[in-house]
Amino acid sequence: MNAGQDAELMARFEKAVRGYANAGMSPARTVAQLLHARFPPTLVRARFPEVAAAAFEPARAANPTVQQTNAHGMAQRIVQKALAAPTPVAVLPDALAEGVSFQYVPLIQCSFPHADPGSQTHFTRRNGWLELTFSTARPDAGLPYGVPARLLTMFCASEAVRTRSPEIFLGNTVHDFLRRLEVPITRGERGSLRAYANQLLRLVHCAVSIDENIRDPAGRTGLHIRQALFVDEARLWWDAADGVGQGSSLVLSSVLYDSILERSAPLSTAAIRQLRKSPMDLDVYAWLAHRLFQLSRPSTISWAQLSGQFGHDYGELRYFRRFFGDSLKRVLKVYPEAKLDVRETGVTLLPSKPHIEHRPSIRA
């Protein structure tokens, strides 16, 4: 690396070290996170000589053999490749500053409830061969829902892609994200800070089960199931009665983190900003941006299929069609390049200009 790259690496390294220290992490845990973020082991060891040598063993593993006998083989190969990397993979520029955010694709295909599900402890949506179930380990906390749940998961996915680390720092960071989206930062019983703090707790206690029907080249069918907590650990400081304070962080579960790096779709931050008042608008926009990115031929989705994916407590299909149609009009104002045909039988998507021209490389 040249002098400029060295300086950039050191700046990122020092920022990460300060962030982990502010989060109250022990030196050993900090070392583990720095190695996971693929900083050079020699740099990490020089900074933390008091940590036992065994903590650096995974970083020296070289090209271990991975059996490809099950659906987790790909994730295992990714992890092993990352651990074997001698130097850190280049981190993406600040995606949000460049006007690009990310969302985890299964959360685009089947997302959270639109409105408060009350005392429900499970929520399931279906989209073709995909079935997504959210559950909560704390019934008194409730399930994530609405606009805040979507914006928080976009924030987590964007930060995971940007930093290449499962450690997500909150505090002013999430506030900055909300400001970029022009979400008013208000306090009090019904203020936005309290609402987002509440949704964050719901997300921390949430687990997700993703069931996908699969088929091999010979035509044999099966089921691929992935289950994961959203986070393995969270440290939340309340600097005020209604907000998340400095030093707060959460650690995405390893299954979710690796899957985010493999299956995240780029979205326009400007579009999210304009559509942030409606969960349906956010869902429809993310769906169109994702589906149209590589669409090569017309694809028709029936109203019944759309209702199964987006219809949250709209009752009769005709009511869903009206709400979906209203949302679609608002989405097309921010994504006018999207080509589609609304018919009596459903919506036909047509090959269109992608809303994000060049999809950034998430995995280097």
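The values are calculated or read from the model by the stated rules, or taken from the named source; none is laboratory data. Just so it is clear, the structure is predicted and the values come from calculations on it, not from any experiment. Ideal geometry is used to build each Cβ from the backbone, glycine not excepted, and the neighbour counts take in all protein chains shown. Just so you know, the surface numbers come from the protein's heavy atoms only, side chains and all, with ligands and any DNA or RNA stripped out. Shrake-Rupley method; radii C 1.70, N 1.55, O 1.52, S 1.80 Å.
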What the Cα atoms of the stretch 209-364 span along the principal axes, largest first and in whole Å, is 52, 46, 37
Relative packing of peptides 143-153, 218-228 - highest average C-beta neighbours within 10 Å first
143-153, 218-228
Range of Cα positions in the stretch 161-298 per principal axis (Å), largest first
59, 33, 27
Long-range HN-HN contacts of Phe102 with modeled amide H, under 5 Å:
Ser158, Leu267
Explain nothing, just the number: dipole magnitude of the stretch 162-208 about its Cα centre with +1 on each Lys and Arg Cβ and -1 on each Asp and Glu Cβ, in debye rounded to the nearest 20.
40
If you put +1 on each Lys and Arg Cβ and -1 on each Asp and Glu Cβ, how big is the dipole of the stretch 264-347 around its Cα centre, in Debye rounded to 20?
240
Whole-percent carbon and sulfur share, accessible surface of the stretch 234-364, 1.4 Å
50
Rough spin-label spacing in nm, given labels placed 7 Å along Cα→Cβ, for Asp140 and Lys339:
5.6
Rank Tyr335, Phe324, Phe293 by how far each Cα sits towards the positive end of the charge dipole of the stretch 247-361 (+1 on Lys, Arg Cβ; -1 on Asp, Glu Cβ) and give me just the farthest.
Tyr335
Testing the spin-label approximation: label points 7 Å from Cα along Cα→Cβ at Phe293 and Trp237. State their distance in nm.
3.6
Highest mean first, what order results for 334-347, 188-201, 255-268 on Cβ atoms within 10 Å?
255-268, 188-201, 334-347
Go through 318-324, 157-163 and give me the packing order, highest mean Cβ count within 10 Å leading.
157-163, 318-324
Rolling a 1.4 Å sphere over the protein heavy atoms, what is the accessible area per residue of the stretch 132-238, to the nearest Å²?
45
